[in-house]
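Below is one structure; the comments refer to it alone.
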Amino acid sequence: MPGGSSVAIGTYNFFKESNIVIPSIGAANGSPFLSSKEKFPMYVRLLTPFLLHIDIVFLRAMGWKNAAIIYEDSIWGSSSYNLMKVSAESLGIKLLNSESSRIIPENLERKDIKAAKSALQGVIDSKARLLIILIQCPLCNYVLEYLYDLGLRKGDLYVFAGTLNPLYYISNNDTYLYKRLEIGVAMTRVNAPRWTGEIGQGALKWILKTNDTVNDFTCSYYDGAYLIAKALDYLINTGKDYTDPLKLMSIIRQTKFVGCTGPVSINPDSNDRIYEIYPIEALKVDSKGNTEIYWVGDLKPFSTKMLSITNPLIYANGTSIKPSDIRNLNGECPFPSREIRTFTKGRELLFGLSFFVFIITTVTTYFIWQRWWNVPAGIFGEKQEMSIGDLIVAATIPIEFFQFATMGPWPYSYLKSLISTLYLGIGGNSIAYLAFLSIGWLVLALLGLYLQIKKYPSLLYRKKVKICVDYLDLHLHLEAQYIW
C-alpha cells in the first residue's frame, strides 16, 4: 500500500466499508494510529513511528537537552509531533518554542512562506540551537530559506531532519540552494536501514535496470512485496489455502527473512516491524559548497552498546565538539559575526575608556601605597622558613598571570582560572556559588585572623591601619591555603 498515513487509513477504511477483506502492507506509513492491531487487524507496515522515538534517543545520547521543533499541519505531521513530544519529555529534552510557534501550514508555496513567519520567528526567539523538523519537502526547503531570510546563518542552528533524507534539501540546484546549505550544515537524520547486504545491493541493481532513480522508500516497498511473496510461497508449499485472506495475514505476521532493509519481522503485539539497527547520516558542506551525505554510525536500541559512532559528526564549527544548546550562552557575543564591524568612533571610545580606567587605577594605587603600604615592615623576633602555603602562593601568582594573559580581556575569563575553578567546582547554580563564596570567605577570614593573632600577638597592639594591611596579606595567604 503506497502513500503516507492518510492514504493508508483512507484505503483501509474504504476496504472495510466495502466489505473487502484483504491483507495490506504499508512501507512508509508513520502514523501511530496504524500501530493498533485491534483497529487495523488486516494491516502491517515496515516503517514505524518507533523511529520517531529513536530520533529523540539519538539526540539525548549526543548530549542535547534543549530544542525547538516545527511540524506541518497534516495528519502525518501532527501524529509525528505528538509522539516525538512525549518522547522528548520522557527523555529530558525541553522544547523551548511555544506551542503556537511549532505548527506550519501545510502545502505552502515559496511565495506564501511568510504565512509561517510567526512560527519561525518563535524558533529564533527561543534561542534553541537544535531544530527538529517534521515537514515534508518541498515545504522543508522553503522553511530553511525563510530562516535564512530572517537572519540566521551557519552555526546558528543544528537541523535534525528526522526521517527525511538531507538529500531532499540539496537535490534541487536552484538559486536558493545557498540559503539551504548555509542553514543545513551538519543536518542529521536517523533512518531505517536500506540496501543492506548482498540482498539489498542485488535488489538495488535489479531496480536500477528499469528505473533511473530510487528513493528512500523503494527498499521498503521491495521488502513489503517480498514479505507477501514469502507468505504465499509458504502456503503453496504446505498445501494450505493461499486464497484465504485471514490465513495469508496470519502467515505474513509470522514470516521472518533478511531483506533489502535487513532482518524483517513483525511485532506480534502490533502492526509494526521490529528493527535492530538504525543508520545515522549527516550532511557535509565544504568551503566551496560541495555536498556529501556521509554515514556517521549506527544506533542499536536493543544492544548493550546503543550508540556506535564510526565517523564523528562534524558540526558547523568544523569540529566534532557539540555546540551549546542555547545561542549566546555564557557571554557569547549577542550579535552574529557578520554584524560585528570595527569603526573609528568605537575604537576611540574603547581607547578613551581604557585610558580613564588606567588613570583611576594608577592614582588609586599610588594613594593606597602612600597611605598604607609605605610603612616600615615589622621586625620578626626569629627566623621563619617559607611554609607550604607560601610556596603555593608563589606558584599560583605566575600561573594565574599567564592564564589571564592567554585568555585575554573576556569578562568570564576568571571562571576558567585555576583558583576560581577550585572554588566554584561544587556543581551548583549561581545562588550556590554566592552562598559558598560568602560563607566560605567569612569562615576562612575569621579562622585566618585567629591564627595570625595567635602566631603574632603583637598584631593586637598595632594600629588599625596596620591590621588592614595584614589582612590584605592574609587574604592571599588564605587563598593558597584553601587550594592546598
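The values are calculated or read from the model by the stated rules, or taken from the named source; none is laboratory data. Keep in mind the model is a prediction, meaning the values are calculated, not measured. Don't worry about glycine lacking a Cβ; one is built from the backbone with ideal geometry, like all the others, and counts go over all protein chains shown.
Matching residues to (1) within 29 Å of Tyr43 (Cβ to Cβ); (2) over 19 Å from the mean Cα position of the chain (by Cα):
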| position | (1), (2) |
| --- | --- |
| Pro268 | yes, yes |
| Asp272 | yes, yes |
| Ile277 | yes, yes |
| Lys284 | no, no |
| Gly289 | no, yes |
| Glu292 | no, yes |
| Trp295 | no, no |
| Lys305 | no, yes |
| Thr310 | no, no |
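Test Ser320 against the stated conditions and say whether it is modelled with pLDDT under 75 and within 30 Å of Val296 (Cβ to Cβ). Taking the combined requirement at face value, the residue does not satisfy it. Meeting the requirement of 3 or more residues that are within 19 Å of Leu167 (Cα to Cα), the helices (runs of 4 or more DSSP H) wholly within region 194-308 are 218-237. Is it the case, given these coordinates, that Tyr169 is more than 23 Å from Asn290 (Cβ to Cβ), in a helix (DSSP H, G or I) and in contact with a helix residue (DSSP H, G or I) (Cβ under 6 Å, 6 or more places away or on another chain)? Here the answer is no, as Tyr169 does not meet what is asked. Of all the criteria given as (1) in contact (Cβ under 8 Å) with a residue 40 or more places away in the chain; (2) surrounded by 17 or more Cβ atoms within 10 Å (Cβ to Cβ); (3) of a type in the set (Phe, Trp, Tyr), the one not satisfied by Tyr222 is (1).
Yes or no, residue by residue, for (1) crowded, with 19+ Cβ neighbours inside 10 Å; (2) in contact with a helix residue (DSSP H, G or I) (Cβ under 6 Å, 6 or more places away or on another chain):
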site: Arg60; (1), (2): no, yes
site: Tyr81; (1), (2): yes, no
site: Ala115; (1), (2): no, no
site: Ser118; (1), (2): no, no
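Screening Asn311 on (1) out of contact with any Pro (no Cβ under 6 Å at 6 or more places or on another chain); (2) polar (S, T, N, Q); (3) at pLDDT below 90 shows it passes everything except condition (3). Does region 172-193 hold any residues that are assigned to a helix (DSSP H, G or I) and within 14 Å of Ile133 (Cβ to Cβ), and which are they? Answer for region 172-193, where residues must be assigned to a helix (DSSP H, G or I) and within 14 Å of Ile133 (Cβ to Cβ): Arg180, Ile183. Each residue in region 357-396 was checked for being at pLDDT 75 or above, in a helix (DSSP H, G or I) and of a type outside the set (A, V, I, L, M, F, W, C), and 7 of them qualify. One residue alone among Lys230, Lys205, Lys209, Lys154 is among the charged types (D, E, K, R), surrounded by fewer than 19 Cβ atoms within 10 Å (Cβ to Cβ) and touching a Ser or Thr at 6+ places or on another chain (Cβ under 8 Å), and that residue is Lys230. Note on region 265-291: residues that are charged (D, E, K, R) and buried (at least 17 other Cβ atoms within 10 Å of the Cβ) total 3. Scanning region 131-140 for residues that are assigned to a loop (DSSP other than H, G, I, E, B) and either free of Cβ contacts under 8 Å to residues at least 60 places away in the same chain or over 17 Å from Pro49 (Cβ atoms) (or both) yields Cys137, Pro138.
Residues of region 58-87 that are touching a strand residue (DSSP E or B) at 6+ places or on another chain (Cβ under 8 Å), of a type in the set (A, V, I, L, M) and under 27 Å from Ala8 (Cα atoms): Ile69, Ile70, Met84.
Looking at region 32-55 only, could you name the residues that are of a type in the set (Asp, Glu) and either in contact with an Asp or Glu (Cβ under 9 Å, 6 or more places away or on another chain) or surrounded by fewer than 19 Cβ atoms within 10 Å (Cβ to Cβ) (or both)? Within region 32-55, just Glu38 meets the criteria.
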